[in-house]
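Participant: Here it is, the structure in full.
The values are calculated or read from the model by the stated rules, or taken from the named source; none is laboratory data. Nothing here was measured: the structure is a model prediction, and the numbers come from that model. Counting neighbours? That spans all protein chains shown, and the Cβs are built from the backbone with ideal geometry, glycine included. Ligands, DNA and RNA are stripped out before the accessible areas are found, and what is left, the full protein with its side chains, is counted by its heavy atoms. Shrake-Rupley method; radii C 1.70, N 1.55, O 1.52, S 1.80 Å.
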Amino acid sequence: MSKLIVANWKMYLSPKDSVELFGAVAKKSKTVICSSFIALNQLSALAKKSGIGLGAQDCFWDNRGAYTGEVSPLDLKDLGCEYVIVGHSERRNYFKETDKMVGKKVKAALVAGLTPILCVGENESERKKGKASARVEEQLEYALDGLGKKLRAEQWIIIAYEPVWAIGTGNACDPETAVKMHQMIKEKIAKLISVKNVRVLYGGSVDDKNIASYLKNTEIDGALVGGASTKKDVFMSLLAVAAKF
Ligand code: PEP
């Protein structure tokens with residue numbers, strides 16, 4: 001399986017900057033770009049031409065209704081998105097998204113025909129207490145349990161293992177630990193859902209210097225990249241390394 005690089009541009013780039021960087025990203029590997037909501041419309045036409053996948057950074061769990069400020073998964077699909085990040089730790093921490101809410105979003109994304117990129121990962125104190133695996137298993141159970149009927153055979157689910165302490169800190173998880181977590185995640189997923197199309201990505205302070213140390217492991221199917229994906233030179237160099245795997 002070729003490695004997948006997903007860029008999470010968070011709220012770093014304006015629509016103008018997003019269009020500029022998107023245009024510069026050559027198709028060096030299978031790449032997905034998750035931009036801010038308001039840049040998606042402009043990027044959609046570029047995505048169709050370039051073959052780069054387009055994703056949103058969040059969606060709501062219902063398609064229509066009285067939900068001020070929320071974004072419908074159905075509208076994201078209509079706009080040309082194929083992917084949506086769900087349960088990013090910044091949403092869990094700053095906006096108090098619970099495991100249950102994240103589970104509803106995963107299901108809504110799948111029903112709308114989007115590929116969810118489900119973020120899971122323990123925080124620092126959970127890791128220190130030896131509870132990293134238990135926390136990630138719990139997140140997976142909430143998000144994937146009972147999904148069977150919602151899935152079509154051809155649908156994909158992407159899991160991003162993102163230890164919270166490694167996100168945006170420069171303190172990337174060492175690859176050996178990440179591999180162990182990926183093995184555990186793959187075993188757990190096999191018990192929860194019968195779908196074959198699953199990728200597990202690593203995320204947390206990935207850059208062009210350390211990307212190879214993750215991608216060289218068969219257990220790691222790609223990377224979710226935040227800060228480094230918003231800097232043109234670093235991102236291009238990261239994609240060039242990723243293309244070798
Ligand atoms: C992320 O936000 O998903 C992420 C991995 O960020 P960073 O690469 O900046 O740690």
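Participant: Tell me whether segment 3-130 comes out rounded, prolate or oblate; compute the Cα gyration tensor, take square roots of the eigenvalues as a ≥ b ≥ c, and use a/c under 1.5 as the rounded threshold.
Facilitator: Note, shape of segment 3-130 comes out oblate.
Participant: Grab the DSSP H runs of the chain that are 4 residues or longer, score each as -39,500 (n - 2.57), total them, divide by all residues and round the 222 nm result to the nearest 500 deg cm²/dmol.
Facilitator: Computed ellipticity for the chain at 222 nm equals -12500 deg cm²/dmol.
Participant: How high is the relative contact order of the chain, in percent, with contacts defined as C-alpha pairs under 8 Å that are six or more residues apart?
Facilitator: About 21 percent, as a whole number.
Participant: Could I ask something else about it? Cross-link partners among aspartates and glutamates for LYS48, C-alpha distance below 14 Å, same-chain residues fewer than 8 apart left out?
Facilitator: Those aspartates and glutamates meeting the cut-off are ASP78, GLU82.
Participant: Here is a follow-up. State in Å² the accessible area per residue of segment 4-242; use a 1.4 Å probe, count heavy atoms of protein chains only, and round to the nearest integer. Kindly include the intermediate steps, with their values, before the conclusion.
Facilitator: Numbers: 10770 Å² over 239 residues.
Roughly 45 Å² per residue, with all protein chains present.
Participant: So how compact is the chain: Cα radius of gyration and Dmax in angstrom?
Facilitator: 16.6, 48
Participant: Could you look at segment 4-242 and say what percent of its accessible area is carbon and sulfur, using a 1.4 Å probe and all protein chains?
Facilitator: Exposed carbon and sulfur together represent 52 percent of the surface.
Participant: Let me ask you something else. What are the ³J(HN,Hα) couplings of segment 108-118, residue after residue, when phi is run through the Karplus curve with 6.51, -1.76, 1.60 and θ = phi - 60°? Round to Hz, x for glycine and proline.
Facilitator: 5, 4, 5, 5, 6, x, 9, 8, x, 10, 7
Participant: Here is a further query. If I stretch the segment between LYS96 and THR169 completely, what's the gain in nm (0.36 nm per residue apart, minus their alpha carbon distance), one decimal?
Facilitator: Length difference between fully extended and current span is 24.2 nm.
Participant: Could you let me know the centre-to-centre spacing of segment 64-125 and segment 1-17, using Cα atoms, in angstrom?
Facilitator: Value for the Cα centre distance between the two parts: 16 Å.
Participant: Non-local amide H neighbours of LEU54 (under 5 Å, H modeled in plane, Pro and chain starts lacking H): which ones?
Facilitator: Placed amide hydrogens put ILE33, GLU82, TYR83 under 5 Å from LEU54.
Participant: What order do you get for 117-123, 89-95 when each peptide is scored by the mean count of other beta carbon atoms within 10 Å, highest first? Walk me through the intermediate numbers first.
Facilitator: Working: 117-123: 25.0, 89-95: 15.9.
Sorting 117-123, 89-95 by mean packing, highest first, produces 117-123, 89-95.
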